[in-house]
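To start, the structure itself, in structure tokens.
Where a number appears in this text, it was derived from the coordinates with a stated rule and is not lab data. In this text, all values refer to a predicted model and were calculated from it rather than measured experimentally. Note that we place each Cβ from the backbone using ideal geometry, even for glycine, and neighbour counts take in every protein chain shown.
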Amino acid sequence: MLKKAIIIGSNGYLGKHLSFYLEHAGFSNQNFDIQNQPARKVGSYQPMDITIPGEFEKLDPQVDFIFLFAGLTGTSNGFENYKDFVSINEIGLLNLLTWMRKTDCRARIVYPSTRLVYKGRKNHALKEDDAREAKTIYAANKLAAENMLWMYQNAFGIDYTVFRICVPYGNIFDEAYSYGTLGFFLDKARKGEDITLFGDGSIRRTFTHVEDICSIMIETIQLEATKNEIYNIGGENLSLLEAANKVAKKFEVDVQFVEWPDLASKLESDDTVFDDTKLWSFTGITSSRTLDEWLYGQ
């Protein structure tokens, strides 16, 4: 039977990739985002503002999955734009949950969370039940959203699956290869500029190719027993210096070290390396691509 999916935030980095890979996995997609036009050619698209409750009347309640990938990201900018962060990242989710409750929509919500919900730890692979903290408005939004999903499942039986993502990279659509950490490295290197790193670059992260992220999500959510669970998506364990050196070598630039800005040093976590044993042991699904393979097209 053809599975139906709604992607809210289909113009974003992860959203447009998910929409693409869902299509190739045989799903029928309905795509929504705040912009008037889709970021790529899709069969079904409508503009939508998730901060307005009435906008959810555009959705078809007879679907299997709702991917809520609309949201604001950022670190220090959340302190200045806190109203927008709360309105989009938290009220938007509550508007969806309220619509689902009132329409008796039985779709499963698929929700992306972040490494920033964890209290980072040196030389420790983080598991889903490890200590959490929020140093930014964005991280607080994500923790709140995870809790909201649990409470609405508990009270009203609305199912969900949460995937925590560390550092995504890769892009099949255009030259904007990635966003965040690797996006910064690549933007500098492709201009022929040296890559700058705060501190000594020893902080470690889990780097995951976007195709792995999408395929892991799509395979996992089709298993009934993965309802109402939170999963880390694994990947390659690299220090920021190791990742920067790989990009620098590819584009023949250097890596330069600079002092941490005061606010950035207060907001940054320690190592956030993911242990994906929970996902892998249950589903047998894990990531397979490496940064070298992607950079050199192997």
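Please report 200, 33 as a ranked list, fewest other C-beta atoms within 10 angstrom at the top and most at the bottom.
Going from least to most buried by this count: 200, 33.
For segment 168-298, with only Lys/Arg (+1) and Asp/Glu (-1) charged at the beta-carbon, what is the dipole magnitude about the Cα centre, in debye rounded to 20?
120 debye
With everything on Cα atoms, drop me the angle between helix 180-190 and the longest principal axis of the chain, reported from 0 to 90° to the nearest 10.
Long axis of 180-190 versus the principal axis of the chain: about 50 degrees.
Among all stretches of the chain without exposed GluC sites (Glu not before Pro) (DSSP loop, at most 10 other Cβ atoms within 10 Å), which one is longest?
With GluC sites (Glu not before Pro) excluded where exposed in loops, the chain gives 1-174 as its longest stretch.
If you filter segment 127-191 for trypsin sites (Lys or Arg not before Pro), then keep DSSP loop positions with at most 14 other Cβ within 10 Å, what is left?
127, 191
Quick check: the angle from helix 13-24's long axis to the longest principal axis of the chain, C-alpha only, nearest 10 degrees?
That works out to roughly 60 degrees.
Counting other beta carbons within 10 Å of each Cβ, put 181, 103 in order, fewest first.
With the fewest neighbours first, 181, 103 line up as 103, 181.
I'd like the chymotrypsin sites (Phe, Trp or Tyr not before Pro) in segment 1-78 restricted to DSSP loop residues with at most 13 other Cβ atoms within 10 Å, sorted by number.
In loop regions of segment 1-78 (DSSP not H, G, I, E or B), there are no sparsely surrounded chymotrypsin sites (Phe, Trp or Tyr not before Pro).
Please work out the Cα center distance from segment 242-271 to segment 30-92, rounded to the nearest Å.
Using only Cα atoms, the two centres lie 31 Å from each other.
For each pair in 135/250; 4/119; 142/250; 135/278, compute the distance between the two Cα atoms and list the pairs where it is over 28 Å.
135/250; 4/119; 142/250
Listing 113, 44 from the residue with the fewest other Cβ atoms within 10 Å to the one with the most, what is the order?
Exposure proxy ranking, most exposed first: 44, 113.
Can you give me the angle between helix 92-103 and the longest principal axis of the chain, using Cα atoms only, in degrees from 0 to 90, rounded to the nearest 10?
20 degrees
What is the Cα radius of gyration of segment 26-115 over 2.2 N^0.38 Å, N being its residue count?
Compactness ratio reported: 1.14.
Relative contact order of segment 149-298, please, whole-number percent, based on alpha carbon pairs below 8 angstrom and at least 6 residues apart.
Answer for segment 149-298 is 32 percent.
Tell me what the chain gives for mean residue ellipticity at 222 nm when only DSSP H runs of n ≥ 4 count, each as -39,500 (n - 2.57), the sum divided by the residue total, rounded to 500 deg cm²/dmol.
Calculated mean residue ellipticity at 222 nm is -10500 deg cm²/dmol.
Which whole-percent values make up P(r) of segment 65-197 when all C-alpha to C-alpha distances are grouped in 5 Å steps starting at zero?
2, 9, 16, 18, 18, 16, 12, 5, 3, 1, 1
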